[in-house]
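A short worksheet on the structure shown next.
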Amino acid sequence: MKSFDVIVIGAGVIGSSVAYHLAKKGLEVALIEKGGVASGTSSRCDAVALICDKKPGIDTEIGYASIQLFKQLAKEFSVDFEFASRGSLYVCETEKELEIAKGYVSQQAKDGYDMRMVDSRELKEIEPYLADDLAGGIWTEVDSSMNPYKLCYAFVEEGKKLGLKVYDYHAVQDITLDAKGRVESVVTDQGTLKTKRIVNCAGVWSPKIAEMVGVHIPIKPRKGMVLISEKTPFKVASQKVHEFGYMLSKFEDIQFKRNVSELVEKHNVAFTIEPTDAHNFLVGGHRAFKGYDIRSEIEVIRAIAERAIRFLPVLKEINCIRAYAGVRPWVEDHLPIVSEVEEVPGFFIASGHEGDGISMSPITGRMVAQLITGEPTDFNIDKLNFSRYQNKKAVSL
Ligand SMILES: Cc1cc2nc3c(=O)[nH]c(=O)nc-3n(C[C@H](O)[C@H](O)[C@H](O)COP(=O)(O)OP(=O)(O)OC[C@H]3O[C@@H](n4cnc5c(N)ncnc54)[C@H](O)[C@@H]3O)c2cc1C
């Protein structure tokens with residue numbers, strides 16, 4: 001039976017990064033994936049690494065550190081994952097939103113982040129196609145973008161150079177523990193691999209992997225739909241642009257009601273647009289709990305289009321060529337789980353990144369590698385420890 005220092009389950013952006021960072025530490029690592037690399041949520045998402053959509057504190061700290069790592073990896077990796085530091089623009093529709101945004105920006109600026117308010121005139125200078133009646137917005141210099149699909153392959157290909165073994169099209173069916181309850185092996189549909197350490201990076205499926213060792217992870221799939229525009233001869237938007245209401249659709253505890261249509265409200269839609277290197281645009285955003293269902297929904301497509309045209313009227317003239325949906329691994333406190341599980345020695349979790357998995361992939365991989373090799377982590381990650389969920393039961397889907 002083949003044996004590895006560490007087995008990583010799931011070759012999405014988190015598992016690929018974790019596997020790469022572990023291989024970089026000189027460990028013998030296997031990455032097991034039931035489909036192809038990036039066949040889960042990491043190829044059904046948008047493409048940005050932001051700090052402007054993070055809460056002040058550890059959420060932003062990790063997001064910022066991850067962008068710094070992206071810059072380094074973009075120079076080191078031979079696979080180009082289309083990393084670009086373009087900045088991002090939050091748009092406030094009303095004076096009321098602008099007031100809330102000012103409070104947020106002053107906290108982030110106090111913590112040392114390069115984020116500032118822009119008035120309605122500057123808004124139009126940055127993005128000339130925006131509607132004329134918007135109140136202002138937030139400019140965040142550090143925010144960046146990349147191609148998530150290529151990013152997964154970049155981690156995997158760089159990992160392979162360091163000895164990483166990839167078992168794609170191998171579905172994990174069981175995990176065995178030894179007599180003392182420690183991790184012993186991973187059983188796949190094509191054979192068994194021996195190891196003393198497993199990292200569960202199976203995204204929305206990580207609760208199913210954890211059940212194999214009797215652990216309940218309260219991750220829930222949170223659906224999001226994206227529309228792809230045709231290629232345009234001019235730039236509708238030069239960087240990520242989204243409405244400040246996006247924060248309201250992401251964080252359930254922010255109490256603010258937008259003046260939107262019933263359709264937009266019903267589907268929890270908040271406008272976002274991102275340019276791609278291929279000159280198409282990704283238009284969103286949407287959040288809903290619908291289990292693992294990733295079928296496109298015509299009503300949601302209408303709601304996304306309605307909201308997008310409100311902010312960028314020029315989009316009325318541009319065709320949408322396709323749509324897709326993915327499911328974010330949501331946890332209720334919006335912080336990922338990056339931790340060993342105390343009751344099952346050798347069983348680690350790196351999951352629950354909701355809408356930030358692409359953004360936080362480099363730092364997550366780095367921190368898991370630090371945890372496993374016993375080095376101090378870059379941050380105090382007590383808040384990411386699984387123990388915060390120890391007494392909670394599995395969530396209903
Ligand atoms: C619409 C949308 C837009 C988004 N936009 C952004 C964005 O702009 N920026 C950002 O940072 N994040 C964004 N996200 C969130 C981001 O996509 C996720 O947080 C991230 O992809 C999660 O990565 P993961 O590796 O944890 O999960 P996944 O990519 O789902 O990887 C998990 C892998 O585990 C595999 N697996 C499952 N079960 C098994 C098994 N039994 N055996 C073997 N393998 C198994 C799956 O096949 C899958 O490939 C968005 C998400 C959505 C839905």
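Going by how many other Cβ atoms sit within 10 Å of their own, how do I67, I321 line up, fewest first?
Least crowded to most crowded, the residues run I321, I67.
Once you treat every alpha carbon in the range 202-256 as an equal point and sum by Debye, what is log10 I(q)/I(0) at q = 0.14, 0.20, 0.25 Å⁻¹?
So the normalised log intensities are -0.70, -0.90, -1.03.
Could you estimate the translational diffusion coefficient of the range 97-238 from the Stokes-Einstein equation, with Rh from the Kirkwood formula over C-alpha pairs, at 37 °C and 0.692 mPa s, in whole µm²/s?
159
Ranked by Cβ crowding within 10 angstrom, fewest neighbours first, how are R197, R322 ordered?
Ranked by crowding around the Cβ, least crowded first: R322, R197.
If R₀ is 41 angstrom, what is the calculated FRET efficiency for the pair E317 and E265, using the beta carbon separation as r and rounding to 0.05?
Calculated value: 0.95.
How high is the relative contact order of the chain, given as a whole-number percent (alpha carbon pairs under 8 Å, six or more residues apart)?
Normalised by residue count, the contact order of the chain is 23 percent.
Lys pairs in the range 281-397, Cα-Cα under 26 Å, at least 8 apart or on separate chains: how many?
Pairs that pass both the separation and distance tests number 4.
Could you please report the charge total around K383, scoring K, R as +1 and D, E as -1 over all other residues with beta-carbon less than 12 angstrom from its beta-carbon?
Counting the neighbours of K383, the net charge comes to -2.
If you stretched the chain out fully between E95 and E28, how much longer would it get, using 0.36 nm times the residue separation minus the C-alpha to C-alpha distance?
Roughly 18.6 nm would be gained on extension.
Can you pull out the GluC sites (Glu not before Pro) in the range 131-199 whose DSSP state is coil and whose Cβ has at most 15 other Cβ atoms within 10 Å?
For GluC sites (Glu not before Pro) across the range 131-199 that sit outside H, G, I, E and B with at most 15 neighbouring Cβ atoms in 10 Å, the list reads E141.
Where does each of M360, M247, M367, M117 land when they are ranked from fewest to most other beta-carbon atoms within 10 angstrom?
Final ranking by Cβ density, sparse to dense: M117, M247, M367, M360.
How long are the semi-axes of the equivalent ellipsoid of the range 30-95, defined as square roots of 5 times the Cα gyration tensor eigenvalues? Whole Å, largest first.
Each semi-axis is the square root of five times an eigenvalue, giving 27, 17, 14 Å.
For the chain, with a Gaussian network of springs between Cα atoms less than 10 Å apart, report the residue from Q190, Q370, Q173 with the top mean-square fluctuation.
Looking only at Q190, Q370, Q173, the biggest GNM fluctuation is shown by Q190.
Could you list the square roots of 5 times each eigenvalue of the Cα gyration tensor of the range 69-108, that is, the equivalent ellipsoid semi-axes, sorted largest first and rounded to whole Å?
Gyration-tensor ellipsoid for the range 69-108: 35, 12, 5 Å.
So what's the back-of-envelope 222 nm ellipticity for the chain, counting only DSSP H runs of four-plus at -39500 (n - 2.57) apiece and dividing by all residues, rounded to 500?
-9000 deg cm²/dmol, from helical runs alone.
Please give me the summed charge of the neighbours of K165: other residues whose Cβ is under 9 Å from its Cβ, Lys and Arg +1, Asp and Glu -1.
That works out to +1.
Could you grab the relative contact order for the range 88-160? Cα pairs under 8 Å, six or more apart, rounded to a whole percent.
Relative contact order, the range 88-160: 40 percent.
Within 10 Å of each candidate Cβ there may be at most 11 other Cβ atoms; applying that plus a DSSP loop requirement, which trypsin sites (Lys or Arg not before Pro) in the range 106-160 survive?
none
Given K25/K180; K165/K194; K55/K110; K124/K240; K24/K54; K25/K160, which pairs have Cα atoms separated by over 18 Å?
Listed pairs above 18 Å: K25/K180; K24/K54.
Could you give the length gained on full extension between Q255 and Q107, defined as 0.36 nm per residue of separation minus the Cα-Cα distance, in nm?
Value of the extension gain: 51.5 nm.
For the chain, taking Cα atoms only, what is the radius of gyration to one decimal and the Dmax to the nearest whole Å?
Taking only Cα atoms of the chain, I get Rg and Dmax of 20.9, 68 Å.
Treating only the Cβ of Lys, Arg, Asp and Glu as charged (+1, +1, -1, -1), what charge dipole size does the range 244-397 show about its Cα centre? Round to the nearest 20 debye.
Charge dipole of the range 244-397: 600 debye, to the nearest 20.
What is the pair-distance distribution P(r) of the range 99-178, computed from all Cα-Cα distances in 5 Å bins starting at 0, with each bin given as a whole percent?
The distribution over the range 99-178 is 3, 10, 12, 11, 11, 9, 8, 7, 9, 11, 5, 2, 1, 0, given as percents.
Quick note: the coordinates plus some simple rules give every number you see, no bench work behind them. Please read these numbers as outputs of a predicted model, since none were measured by experiment. Positions of Cβ are generated from backbone atoms using ideal geometry, with glycine treated the same way; all protein chains shown enter the neighbour counts.
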